[in-house]
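Encoded as structure tokens, the structure appears first; notes follow it.
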Amino acid sequence: MAKDGCTGKVRHPDKTSACIAARRMKSAAMDVYQCRKCAGWHIGNSRKPNRVQKRIDQILQRTDRDAARRAARYRAAAYVEERKG
């Protein structure tokens, strides 16, 4: 496993050794890929978790927005009831 001149990353001779090295790393968000320049195998950050995190953030924002709307309706209804009686 030598440092690769094309990216500065460690070059693994095959996919299996790259996968083993990736599993030993602390971060679970790593992908193994074959380099187009050197044909070796590298370990890099996965793009999938970023997409998943963005989707989670969208859902949470939508949930927060819906909760705020429900709270506003509840406050308005409570205000109307308070004024009636």
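Coordinate-derived values only; no laboratory data. A quick note: this is a predicted structure, and the numbers were derived from the prediction, not measured. FYI the Cβ positions are ideal-geometry reconstructions off the backbone, even for glycines, and counts take in every protein chain you see.
Charge dipole of the chain (Cα centre as origin; +1 on each Lys and Arg Cβ, -1 on each Asp and Glu Cβ, all else neutral): 120 debye, rounded to the nearest 20. With runs of 4+ DSSP H residues as the only contributors, calculate the mean residue ellipticity of the chain at 222 nm using -39,500 (n - 2.57) per run, divided by the residue total and rounded to the nearest 500. Helix contribution divided over all residues of the chain: -19500 deg cm²/dmol.
The length gained by stretching the chain between R65 and R23 to full extension, at 0.36 nm per residue less their Cα-Cα distance, is 11.2 nm. Projected label points at K37 and K15, each 7 Å from Cα along the beta carbon direction, are separated by 2.3 nanometres. Non-local lysine pairs in the chain, meaning eight or more places apart or on different chains, with alpha-carbon distances under 21 Å, amount to 10. Close amide-amide hydrogen proximity is noted between M30 and S46, each under 5 Å apart and 5 or more residues distant or on a separate chain (H modeled in the peptide plane; Pro and chain starts excluded).
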